[in-house]
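To start, the structure under review is shown below, and the notes come after it.
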Amino acid sequence: MALVLQNYTRWFMSTIKLASRVSRTGKTKRWCSHDSTPPSPQFGHSVILLQDGLNIEELPIAVRRANNQFLQMRLKSNFDVQNNSTSTRIISSDSIFKNCQNPEAVFSKLDEFNIDEVSALLAYHALAKLAELGMNIEYRNQGAELDKSFTIDSVLLQLGNIICKSGTTDHLIGCMKLILLPSFPGRIGSLRKLLAEQCLNRVLDNMCNIVQVCQVVEIFSAMSQQSWADKCWVGLMGRKIDEADIVRVFQILPLLKESQRAVFNHLERLLVAEANLLEERSVLQILAIVNELRLPHRRLCLRMSKWMRLNLHTMTEDGITKMLVLYRQMDYSDPHLVQAMERFFKSRTSGVQEELIVAASDYFRHFQLCPTVVLNVVANSFSRLGHKKLSVNTVEAVLTAFGVLDFHPENDYAFWSAVEEVIDKRLIEFRPESLLDVFLSCIYLQRYPLNFVPRLFSSHFIHRLHSQTQDELIESCRSKMKLLDAAMSFECGQYGTSHVLPKDYHAKAMLRDGRISRASNLLVTPLQQICEHRFNVTPSIVLRDLPLNPIYVVDVLISPAGEPAIFRYGYGRTYDNRNCVAILIHPPEHYAIHTTSRKRLVGVQAMRHRHLVLMGFQPVHFDWQELVSLEAKKEMLQLYLDSRVASLLNDCTRS
């Protein structure tokens, strides 16, 4: 307590000493005087409608009042922006403030100068020294005493006036960064306002380069002045932004709100025209920012895909991995990217790193694309890594991708040997839902995990499954286990008796694709005209004694009239009897694109076809898009159905 009182007394006496110097008459006016008043507001607020092609944006603008300060600023319109771009010099070792150990010493040094002798650079160094001293624990503990002094506030304001009058833009920005430090001494509200208004003035007068405008936006955002940050769009629009600065402007987009879209549109036009000279790191930063802000990205991503195709030889595997992850998150794909991936993987036949394996598998599974070159390299890399290096995430990503795409790798034996080995060694590390997805993917590819069935239907695994916290996840896992049990019973002769979970007697509902349901109802009438009275035409038939799953729903069933339902609809059908036609309608999600001209059913739909054949049905596949295109043309739809179904009806016989 005595030390605190002693320090307070010393600071108070020095304040009286400085004030007495200012009050002496007959002396030259010293710069420590506090006759400056806080600046009055210079700006009004309005909005402007900016039309950019088809886009119309309502943007905020700052309207300056026509006072003396505004007129003086207009007279300095020949201000050289290039001179402003010189970076602020750091305090040199021989600075006059080097030996100052407390704020009193800084003020004493300043008091040795007349007011016209204090330059903007000297004022900046004084503020920098005050900020440095404020970081000292001794003086940070004296913050309460410092706030009681009116002299320090006058000093800071006078320094700010000098910097605003004769300093460069970099001096202003540097001072704003200094006073934003929490350790800066004194009450800085008036100084902060003065410097901020001057910064905004220079932005509006186009006296700042691109980097300086970005720095001003960051400072306003740190000051929680969102409206002022949004008004800085004026300093960015309509100006040439080179490749070195375009990433810098992208970095401030998260700090803008009302003007964010307008600035982004301007940057997008620049990138579409001049993106070839960007580096890999810049491209990834831009894509990450656009993805984070959820901005419209189709045109930008297309341009970046073309950039990737041209600069593929300079990209690293890490860069390819990050780009694939970003594109998948943005739900974007185009032929340029796929071609670039095929070229890249063709040059990496010796193998790629694990992160790229996961990224490529997730990307092509998400878009249901099946480039053979890429996936074969993925399979080779997978088998070479072995169970000691492969992670659980890699196994899940690769197998689910291959299962969805119904892709059979060329190195069949080596790949499946690696799969069996890694699952055997790390089965306990899989989450229950992930392990079930992996096993179902194996069944889609007609590889049956017989060795793991006892461990899958064990009490330990069932306990893990039911220990999940989410009821929906538990129900989803139970449904997958029933599907796996049914699939193994259908296709694997060595499976033996069913291992299905105890029957659930609760009422269940099944989600149905509305497009398929509407198309099924659309086909009933024209099919009845083709079948006449010999066959029944029934939409949306749920097959009995099978899991309640969309793959065991026949979209339209054509069965002989008078046949008992027990022979038509269930698992107990006689396999040799193929007297029923099962029409399956496939929307685009049911196909994997293998080439530009060929598409194939995804793994689960291919398994659905096999199971219906095993139950004695004759599956007929219809493309949903073709049916929609023929919906308004009744005669053409009738001819199309007759050509696809009539010949099959002639082969149907009664049981």
Item to check | Net lengthening on full extension, ARG269/ARG384 (0.36 nm per residue, minus Cα-Cα) | outcome: 36.9 nm
Checklist outcome for this item: Given Cβ charges of +1 for Lys and Arg and -1 for Asp and Glu, the option among PHE402, PHE439, VAL422 whose Cα lies farthest towards the positive end of the dipole of segment 381-451 is VAL422
Checklist entry - Hey, rough spin-label estimate for LEU548 and ARG281, points 7 angstrom out along Cα→Cβ, what's it come to in nanometres? => result 5.7 nm
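Just add up the charged neighbours of MET488: K/R +1, D/E -1, any other residue whose Cβ is under 13 Å from the Cβ of MET488.
Details: positive: ARG447, LYS480, LYS482, ARG610; negative: ASP485, GLU491.
Cβ neighbours under 13 Å give a net charge of +2.
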Checklist outcome for this item: With all protein chains present, segment 243-287 has a carbon and sulfur share of its accessible area (1.4 Å probe) in percent of 47 percent
Checklist outcome for this item: When the charge dipole of segment 294-359 is computed with +1 on Lys and Arg Cβ and -1 on Asp and Glu Cβ about the Cα centre, the Cα farthest towards its positive end, among THR349, LEU310, LEU326, belongs to LEU310
Next on the checklist: Along the Cα→Cβ direction, 7 angstrom out, place labels at SER467 and VAL613. What is the inter-label distance in nm?
Outcome noted: 4.2 nm
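SER459 to LYS508: extension gain in nm, 0.36 nm per residue of separation minus the Cα-Cα distance? Intermediate results must be reported in sequence, preceding the final value.
Working: separation 49, 0.36 × 49 = 17.64 nm, distance 2.46 nm.
Difference between extended and current length: 15.2 nm.
Based on the mean of other beta carbon atoms within 10 Å per residue, what is the order of 297-306, 517-526, most packed first?
297-306, 517-526
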Item to check | Distance between modelled label sites at THR525 and ASN451, nm, 7 Å Cα→Cβ extension | outcome: 5.8 nm
Next on the checklist: Going by amide H atoms built from the backbone, whose H comes under 5 Å of the H on TYR591, apart from near neighbours?
Outcome noted: VAL602
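Per residue Cα convex hull volume for segment 225-293, in cubic angstrom?
Details: hull volume 5.6 nm³, N = 69.
Convex hull volume per residue, Cα atoms: 81 Å³.
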Checklist entry - Can you pull the accessible area of ILE48 for me, 1.4 Å probe, Å² to the nearest 10? => result 70 Å²
Next on the checklist: Computing the accessible area with a 1.4 Å probe over protein heavy atoms, can you report the carbon and sulfur percentage for segment 410-471?
Outcome noted: 48 percent
Checklist entry - Between ALA105 and GLU589, 0.36 nm times their residue separation minus their Cα-Cα distance comes to what? => result 166.7 nm
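The values are calculated or read from the model by the stated rules, or taken from the named source; none is laboratory data. Please read all numbers here as calculations on a predicted model, not as lab measurements. Every residue, glycine as well, gets a Cβ built from its backbone with ideal geometry; the counts of neighbours run over all protein chains shown. The protein model used for the area step is the full one, side chains on, heavy atoms only, and it has no ligands, DNA or RNA in it. Shrake-Rupley method; radii C 1.70, N 1.55, O 1.52, S 1.80 Å.
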